[in-house]
Amino acid sequence: MKLTPEVKRILDNYETDSAATKANLARLLMHGKLGGTGKLLILPVDQGMEHGPARSFAANPAAYDPHYHYKMAIDAGLSAYAAPLGALECGAVSYGNQIPTILKLNNANSLSDIKNQAITGSVQEAARLGCVGIGYTIYPGSDYCYEQMDFLQELIREAKAAGLISVVWSYPRGGPFLDKAGETAVDICAYAAHIAAQMGAHIIKVKPPSDHLCLPAAKKVYEDQKIDISTLAKRAEHIMQSSFAGRRLVLFSGGEQTNDETLYNTFQSLKDGGATGAIIGRNTFQRKREDALAMLEKIVNIFKG
Amino acid sequence: MKLTPEVKRILDNYETDSAATKANLARLLMHGKLGGTGKLLILPVDQGMEHGPARSFAANPAAYDPHYHYKMAIDAGLSAYAAPLGALECGAVSYGNQIPTILKLNNANSLSDIKNQAITGSVQEAARLGCVGIGYTIYPGSDYCYEQMDFLQELIREAKAAGLISVVWSYPRGGPFLDKAGETAVDICAYAAHIAAQMGAHIIKVKPPSDHLCLPAAKKVYEDQKIDISTLAKRAEHIMQSSFAGRRLVLFSGGEQTNDETLYNTFQSLKDGGATGAIIGRNTFQRKREDALAMLEKIVNIFKG
Amino acid sequence: MKLTPEVKRILDNYETDSAATKANLARLLMHGKLGGTGKLLILPVDQGMEHGPARSFAANPAAYDPHYHYKMAIDAGLSAYAAPLGALECGAVSYGNQIPTILKLNNANSLSDIKNQAITGSVQEAARLGCVGIGYTIYPGSDYCYEQMDFLQELIREAKAAGLISVVWSYPRGGPFLDKAGETAVDICAYAAHIAAQMGAHIIKVKPPSDHLCLPAAKKVYEDQKIDISTLAKRAEHIMQSSFAGRRLVLFSGGEQTNDETLYNTFQSLKDGGATGAIIGRNTFQRKREDALAMLEKIVNIFKG
Amino acid sequence: MKLTPEVKRILDNYETDSAATKANLARLLMHGKLGGTGKLLILPVDQGMEHGPARSFAANPAAYDPHYHYKMAIDAGLSAYAAPLGALECGAVSYGNQIPTILKLNNANSLSDIKNQAITGSVQEAARLGCVGIGYTIYPGSDYCYEQMDFLQELIREAKAAGLISVVWSYPRGGPFLDKAGETAVDICAYAAHIAAQMGAHIIKVKPPSDHLCLPAAKKVYEDQKIDISTLAKRAEHIMQSSFAGRRLVLFSGGEQTNDETLYNTFQSLKDGGATGAIIGRNTFQRKREDALAMLEKIVNIFKG
Amino acid sequence: MKLTPEVKRILDNYETDSAATKANLARLLMHGKLGGTGKLLILPVDQGMEHGPARSFAANPAAYDPHYHYKMAIDAGLSAYAAPLGALECGAVSYGNQIPTILKLNNANSLSDIKNQAITGSVQEAARLGCVGIGYTIYPGSDYCYEQMDFLQELIREAKAAGLISVVWSYPRGGPFLDKAGETAVDICAYAAHIAAQMGAHIIKVKPPSDHLCLPAAKKVYEDQKIDISTLAKRAEHIMQSSFAGRRLVLFSGGEQTNDETLYNTFQSLKDGGATGAIIGRNTFQRKREDALAMLEKIVNIFKG
């Protein structure tokens, strides 16, 4: 598969990575309907773990089966499928060679209110399962953030040595400075993306930022410097800028959407702002398969467009 | 021993496991009176550790002797015998080749109210004792849950590398959201089973769920989606579904029973709902040997039926 | 890329391999113009090392450049490109993601008459360079054969642990029983393929066998049992049979050919006998690029046919 | 590059270090416009991580790009560039051979009020990126100080084994005895420098000390012994003295300055007191490139002078 | 030190090396009077080991002192100094930071007629001494060649992991096919260079080839293909071509010269043929210092020219 100029340009930004890590990044960027465009659309399914199985899958009981999600990611022509250990083990042989996979190495659950996550996998398992990379979540702001980062730096080092890429979910949460609105404030979101970039992430996952400004010291700067955060596209542009001037790939979730139209508008704005792509889980598997395929097709076209 | 089609079907669900791990799982599934049926009945004896020796064994003093339990599991034609390190070391040479064994790697005790467990064994010891697998308990909801899970992922990885299976006791306990009723609520029980599945457990152990719903967010979903939890059979079905659409084996304890009749009814309902089988400890050794053998025979027949 | 039934059938023959190793085997089997057919055509370039640079490349000086061979394998739609360390390092970043590569871990050279090979790479390097597998040559019959095999078993073990496949060149050579004719005798060739299969090779490389029978004890059996070795197709069938009844993939070189027509006839016969495919080096790069592309296209069509 | 007598004199102070570590220290001391003078001027850029990207870079948006800082350090003829992992990975191949680099191994962030730092890199990564050394921050006084020091001793040991130098940012913070004024009190600053020296740091980074005295027991001694702390130059002299009588190199930040004139005066005083040089981050990249180059030129001349 | 376009072009040929290895290669290529030209002139001093001290140094007794050679390489503005362990240990602290050094890891001596070399150093020592790389000699053709190569592949792997470059002296010697004339025959020299390139060497050292052709099979090809080997320049061109079409750097010794004029002519011819540069030992230290400096200046100018 010949790399497109856009994919080559992106790979050049990862100048210290090994041939093996670059090959895995290339596999991801060349796969599926967005293959070669430099854009990515990834299906993550860890909500059973995070919110419980019925809350996640009862609306579409076929989704209780881990094979369902593999097939969805393959049939929709997505870039990759990301999930915890147990779910990937269920289908790595049957479907693993048809879609790049990412092993999520930590996960929270809703039975606890501790702002941390449990380690649920390892770089070694990701290699055994033939994944292109690992996923890991940090909660900037949380009291557990520093130890999450300590562990992340070990994982990223191990992953690079094993030729795997690292995808970091950087979700501001808790701590002394962040209220609920602060968790998606644009200054906080940009900060979270920057932290992940500095940790050595190849791909960064954040939530779409609101126009709220949270930290007083930051607020002053945004106002003094007249940073344009008036539209979601402008805010996405700012997040990309905060991720090493666009040298790192950044994916966004769809946020909490009331209907599909606003979801598509969200992704269109993110695309307009230069976002690398999207990660979309619940909206995918909590509807009928054919509806999900139609929705994903639209999102693919938005990012292709 | 030729694998039955049912056992083959089950093994196919463990598609990423090594030949050695699959062989141990097959040994378990082909052993005893339920051998080949895809059902399991396991004798666990860790109550001396968990509640103290007299509370556990005074009703039937023969049970103070670890050999008693090996012999019971063998003579009753059970699938396996599970116990902590000391007890298995007492009989692994004399009886280990007559019954699959599972080394429990952590255990609580009643002298503490910390909602955690002590590590009492290792994968290395399980291999040395010729066990088919390891057992480990997590307390979803507890403040120790995340660190229990951190350690569990290491153990499961090690166990797989050593060709052993992993049995996870997933017992919701404590934390900010669970009261006593919540610990056996059907939404919580389904969630606990799902967490164990995602961690990579081969076999999951839960308690029989009540029709209580605990988490408000979950309650809403169960009601909106009209998930049928009216009978124990239906609830067992839901637990199996939450364990990767039945791709993982799930065992149930008998719950706290007043008499044998309700115990048999419980197991009959669980069987009707598709449960893989049962784990039954106290009810076994706190009665005379011949009574226990008769009771186990009945339970075997329920799951065979 | 959806696996074809034929590729699935092949993967099922590697039932104890990890998901990662199977994924690499699938990548190989799904790549290029033969992708999905279960057949393979691989370009090996180690002749500069084995025979010297001028003998290898002077007929087509563009071939002195390692990039030339990467491009040839890619443009001809071959299944993979195999070469020693230095050559792969020259292009692994530029071309590595466009074609599966195999790192050859040992190589002979023509300045010595020792019937052995030097170690020229490692599994670790193969992983760093993003290869799908390793290649290694043994000389059954040679006085060095046992130590070559000792080392091969270590490499295959390491490769499997790293999720890589192993390709074994099994070339009978020297020793007390083999004269020149014996090195391609059908009984010897079948024996060499079987040795590689027993060592755990995923793919076996042999030379096309002549109808000569070398070992007296074997000769008697072939004659008594009336094993049909009258045509090359029949002999290829016998080699496949000797490779675990076709459960292992076997590639053939073209032998020493006088002209292209006999080369195509050779491959057609091998194909008719069930051969997995071919490895063709010198014949590829010792002619003009356009001629090589035309020749490879014909061979692809023979194996597709 | 022939070592100057001054650089030789400095290297002699590191008499137990390996040739490799000394060579890296020499590379640093011989590089840039201050090369050979025994003075150092280093550009550190971790403020995006510590204060957030917009607060750090919005005043000069070109600075969002990690390449900007590499180029600044090179074009200004500085001694070295120090940054966290992600930023160095972005340019280590493009610029790494034109400027000595220091990998910062821990970093705080402003979303937390925990007086600790996250581990964000490793000695192994510093070696892979071709850095001359590692950087690490400790917070003497903080509740985390002992564990920070525990880890620092491991890192310094590893760094020495890898032939790298260690730069320790020793920033008193928090704990039972330090109020805000205490954090830059001269007795505390001297103490912090001494702790870093005792840990085995090759280069120590402190803030310019005020004439405040914080610890009562120390205060008494400073007064009794009439230690002259009346001018910044005298206080710098005292810090150097506290760093093994000047046998260790000590760098100072510019402190929080209102304008460039006071900044230059600060550095002139520090120079007069024998300071090894300066580390200057925010003041560099929060102004236009040409202004930054002019400012750095002046500071170079102060330390040359 | 800003890389010149020529040096950048060369570094691009080493596309799979780490940032650290590339930085060491850049240090070498940017150092000394040839810095930035893409050419190299290296002083090797292992003749005391190879031929005995008096044979090596009696003509210029100052050369008994290892410091003499460090100073020579520095004062002559050479690219690097290469020597065995003991000699480098004598001056690594005094001079190591003024000149890139290469630790020779094996050496022959004249008290034995075994066509092998003793291991005299390690990658670990090279790192401890702050060297840019390691040096290692193989004797293609010798009965020891395969085991020399086995060990070389380990060393090169270790060196790359430590960020060091590898310089391979590839000296055909002995074995069944090489007589004395054959050891410098152009076909053999090209073959030896190619073997070193395939082993993963960054820099290859060979002797200037004669117009002799040694191997019959090769001779036929050179004649049939009319490869021009009529002048030393043409032969140098052929050696470069055999080293991955010039993608690897190749250094030549001066050969056995009767006077300086022929030496200069030799280097001029090699330069004209595209040689990367020269390694010149005995001719340097077996004359007076001022004469040696004058000679080296002339050679520098030849390669600059």
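Restricting to region A:237-257, name every residue that is open to solvent by less than 40 Å² (accessible area, probe 1.4 Å) and either at pLDDT below 95 or away from chain D (no Cβ under 14 Å) (or both). Spell out the reasoning first.
Step one: list which residues in region A:237-257 are open to solvent by less than 40 Å² (accessible area, probe 1.4 Å), which gives A:238-240, A:242-244, A:246, A:248-255.
Scanning region A:237-257 gives A:L251, A:F252, A:S253, A:G254, A:G255.
Pick from region A:197-227 the residues that are buried (at least 24 other Cβ atoms within 10 Å of the Cβ) and within 8 Å of chain D (Cβ to nearest Cβ): which of them is nearest to the chain's Cα centre (by Cα)?
So the residue we want is A:A201.
Which of (1) touching a strand residue (DSSP E or B) at 6+ places or on another chain (Cβ under 6 Å); (2) among the hydrophobic types (A, V, I, L, M, F, W, C); (3) part of a helix (DSSP H, G or I) does A:C214 not meet, given it meets every other one?
In the conditions (1) touching a strand residue (DSSP E or B) at 6+ places or on another chain (Cβ under 6 Å); (2) among the hydrophobic types (A, V, I, L, M, F, W, C); (3) part of a helix (DSSP H, G or I), A:C214 misses (3) alone.
Test each condition in (1) farther than 19 Å from C:S253 by Cβ; (2) touching a strand residue (DSSP E or B) at 6+ places or on another chain (Cβ under 8 Å); (3) at pLDDT below 95 for C:N97 and report the one that comes out false.
Answer for C:N97: the failing condition is (2).
Within region A:258-305, track down each residue that is among the polar types (S, T, N, Q) and open to solvent by 60 Å² or more (accessible area, probe 1.4 Å).
Of the residues in region A:258-305, the ones among the polar types (S, T, N, Q) are A:258-259, A:262, A:265-266, A:268-269, A:276, A:283-284, A:286, A:301.
A:T258, A:N259, A:N265, A:Q268, A:Q286, A:N301 - these are the residues of region A:258-305 that are among the polar types (S, T, N, Q) and open to solvent by 60 Å² or more (accessible area, probe 1.4 Å).
Any idea which residue in region D:152-172 is farthest from the other protein chains (Cβ to nearest Cβ), counting only those that are open to solvent by less than 10 Å² (accessible area, probe 1.4 Å) and in a helix (DSSP H, G or I)?
The extreme case among them is D:I156.
In this structure, is A:L178 closer than 21 Å to D:Q47 by Cα, within 9 Å of chain D (Cβ to nearest Cβ) and at pLDDT below 95? Walk me through it before giving the result.
Values: closer than 21 Å to D:Q47 by Cα: yes; within 9 Å of chain D (Cβ to nearest Cβ): yes; at pLDDT below 95: yes.
Against the criterion (closer than 21 Å to D:Q47 by Cα, within 9 Å of chain D (Cβ to nearest Cβ) and at pLDDT below 95), A:L178 qualifies.
What are the residues in region C:234-258 that are part of a loop (DSSP other than H, G, I, E, B), touching a residue at least 12 places away in the same chain (Cβ under 8 Å) and either among the hydroxyl-bearing types (S, T, Y) or closer than 22 Å to C:I10 by Cβ (or both), if any? If you could, list the steps in order and put the result at the bottom.
If we filter region C:234-258 for residues that are part of a loop (DSSP other than H, G, I, E, B), which is where we start, we get C:243-248, C:253-258.
So of that shortlist, the ones also touching a residue at least 12 places away in the same chain (Cβ under 8 Å) come out as C:243-244, C:246-248, C:253-255, C:257.
Correct list: C:S243, C:F244, C:G246, C:R247, C:R248, C:S253.
Mind checking which residues of region C:3-36 are closer than 16 Å to A:G130 by Cα, of a type outside the set (A, V, I, L, M) and open to solvent by 10 Å² or more (accessible area, probe 1.4 Å)?
C:E15, C:T16, C:D17, C:S18, C:K22, C:N24, C:R27
Specify the residue that is farthest from A:A201 (Cα to Cα); the eligible residues are those in region A:111-151 that are open to solvent by 20 Å² or more (accessible area, probe 1.4 Å) and more than 7 Å from every other protein chain (Cβ to nearest Cβ).
A:K115
Just one of the numbered conditions (1) open to solvent by less than 20 Å² (accessible area, probe 1.4 Å); (2) at pLDDT 95 or above is not true of E:T184; which one?
(1)
From C:K226, C:K205, which residue is under 18 Å from C:L249 (Cβ atoms) and at pLDDT 95 or above? Lay out the reasoning, then the answer.
Numbers: C:K226 fails: under 18 Å from C:L249 (Cβ atoms).
Result: C:K205 is the single residue among C:K226, C:K205 that is under 18 Å from C:L249 (Cβ atoms) and at pLDDT 95 or above.
Count, please, the residues in region A:259-295 that happen to be assigned to a loop (DSSP other than H, G, I, E, B) and of a type in the set (G, A, S). Lay out the reasoning, then the answer.
The first filter runs over region A:259-295 and keeps only residues assigned to a loop (DSSP other than H, G, I, E, B), leaving A:259, A:273-276, A:280-281, A:286-288.
When the remaining residues are screened for being of a type in the set (G, A, S), the result is A:273-275, A:281.
Qualifying residue count for the region: 4.
Filter region A:37-90 down to residues that are of a type in the set (D, E, K, R) and either open to solvent by less than 10 Å² (accessible area, probe 1.4 Å) or more than 12 Å from every other protein chain (Cβ to nearest Cβ) (or both), then give me how many there are.
Looking only at that region, the number is 2.
Restricting to region A:173-205, count the residues that are outside any helix (DSSP H, G or I), on the phi < 0 side of the Ramachandran plot and touching a Leu at 6+ places or on another chain (Cβ under 8 Å).
Step one: list which residues in region A:173-205 are outside any helix (DSSP H, G or I), which gives A:173-180, A:185, A:200-205.
Subset that is on the phi < 0 side of the Ramachandran plot: A:173, A:176-180, A:185, A:201-205.
Now narrow it down to the ones that are touching a Leu at 6+ places or on another chain (Cβ under 8 Å): A:177-178, A:185, A:202-205.
Summing the residues that are outside any helix (DSSP H, G or I), on the phi < 0 side of the Ramachandran plot and touching a Leu at 6+ places or on another chain (Cβ under 8 Å) in region A:173-205 gives 7.
Do we find that A:A217 is free of Cβ contacts under 8 Å to residues at least 12 places away in the same chain and hydrophobic (A, V, I, L, M, F, W, C) in this structure?
Details: free of Cβ contacts under 8 Å to residues at least 12 places away in the same chain: yes; hydrophobic (A, V, I, L, M, F, W, C): yes.
Taking the combined requirement at face value, the residue satisfies it.
Could you please find all residues in region B:272-292 being farther than 23 Å from B:P53 by Cβ and touching a residue at least 40 places away in the same chain (Cβ under 8 Å)?
Matches in region B:272-292: B:G273, B:T276, B:G277, B:A278.
Can you tell me which residues in region E:17-35 are more than 12 Å from chain D (Cβ to nearest Cβ) and either under 17 Å from the mean Cα position of the chain (by Cα) or not basic (K, R) (or both)?
Just the residues of region E:17-35 that are more than 12 Å from chain D (Cβ to nearest Cβ), to begin with: E:33-34.
Answer for region E:17-35, where residues must be more than 12 Å from chain D (Cβ to nearest Cβ) and either under 17 Å from the mean Cα position of the chain (by Cα) or not basic (K, R) (or both): just E:L34.
The values are calculated or read from the model by the stated rules, or taken from the named source; none is laboratory data. Just so it is clear, the structure is predicted and the values come from calculations on it, not from any experiment. Because the Cβ atoms are built from the backbone with ideal geometry, glycine has one as well, and the counts that use them run over all protein chains shown. The protein model used for the area step is the full one, side chains on, heavy atoms only, and it has no ligands, DNA or RNA in it. Shrake-Rupley method; radii C 1.70, N 1.55, O 1.52, S 1.80 Å.
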